[in-house]
Amino acid sequence: MNGDLPRCDWSRGVSAAYLAYHDEEWGRPVRNDAGQFEFLLLESAQAGLSWSTVLHKRAAYRRAFAGFDPEKVARFNRRSVARLLADPGIIRNRLKVEAAISNARAFLAIRDEFGSFTDYLWDFVDGRPVVNRWRTQGEVPATTPLSDRVSKDLKARGFRFVGSTIIYAHLQATGLVNDHLLGCFRREECIAESAPVG
């Protein structure tokens, strides 16, 4: 990992793991349900906190939430909730824990209706990432009409902790929106990795 490469401002000065997340994951198009569910669960856990906090708990979340398997998480019950609320490795917020379980069930319902959650989500952008041209971090919005639409639809389908800000972060993280700054070395790499679905 070359520390001298031009990068998005937000990725610097936090930790090596945070820098690696920017360089290897953020903005790379995620076209599989496993990856989509993992990011949805983590983004909803982040609400009101920093992404750095959640990222550093990712391994604990993977253990606690059955390897981010939505079918297994959807079967969690009251005992599972009690176990999770006693787990110091994750964010022990009852509403977020319960939302992760109900969101897994809603995720599976979308998969059943559309064939995959990936197909459902990428259809909002016609299978191609939105590629923005921001020069500075200050230009990058917290929400957009796209995230408003996705958030509204997910809420109508029973999802919780999926406000427009959380969903915009999800769209950025999973590459439906490429918000790497114009000077960032990852911007063009993510464009090259974004062959359309279908």
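The values are calculated or read from the model by the stated rules, or taken from the named source; none is laboratory data. In this text, all values refer to a predicted model and were calculated from it rather than measured experimentally. We place every Cβ from the backbone using ideal geometry, glycine too, and count neighbours over all the protein chains shown. Only protein heavy atoms, including side chains, enter the accessible area calculation; ligands, DNA and RNA are left aside. Shrake-Rupley method; radii C 1.70, N 1.55, O 1.52, S 1.80 Å.
A compact table of results
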| read-out | value |
| --- | --- |
| Per residue accessible area of region 110-185, 1.4 Å probe, in Å² | 46 Å² |
| Per principal axis, descending, Cα span of region 32-83 in whole Å | 29, 28, 17 |
| Exposure ranking of 96, 72 by accessible area [1.4 Å probe, largest first] | 72, 96 |
| Carbon/sulfur fraction of accessible area - region 142-198, other protein chains in place, 1.4 Å, % | 59 percent |
| Residue-level accessible surface for residue 182, protein heavy atoms, 1.4 Å, Å² | 50 Å² |
| Kirkwood Rh in Å, taken over all unlike Cα pairs in region 60-159 | 15.7 Å |
| Approximate spin-label separation residue 165-residue 14, in nm, with each point projected 7 Å along Cα-to-Cβ | 1.5 nm |
| Long-range amide H partners of residue 178 with built H, under 5 Å | 130, 131, 132 |
| Heavy-atom SASA rank of 51, 10 (probe 1.4 Å, accessible area, largest first) | 10, 51 |
| Compactness index (Cα Rg / 2.2 N^0.38 Å), the chain | 1.01 |
| Orientation-averaged projected area, Cα convex hull of region 15-101 (nm²) | 5.6 nm² |
| 222 nm mean residue ellipticity, helices alone, for the chain (DSSP H n ≥ 4; -39,500 (n - 2.57); rounded to 500) | -15500 deg cm²/dmol |
| Spacing of the two label points (7 Å from each Cα toward its C-beta) at residue 188 and residue 105, in nm | 4.9 nm |
| Under the Karplus curve 6.51 cos²θ - 1.76 cosθ + 1.60, θ = phi - 60°, whole-Hz ³J(HN,Hα) for region 24-32, x wherever Gly or Pro sits | 10, 10, 4, x, 6, x, 9, 10, 9 |
| Alpha-carbon radius of gyration plus Dmax, which is the widest Cα pair, for region 133-195 in Å | 13.0, 39 |
| Virtual paramagnetic centre 7 Å along Cα→Cβ of residue 52, amide N under 12 Å, in region 1-44 | 10-19 |
| Förster radius 35 Å - calculated FRET efficiency between residue 78 and residue 24, Cβ distance, rounded to 0.05 | 0.40 |
| Alpha-carbon centroids, region 10-30 and region 119-186: separation in whole Å | 17 Å |
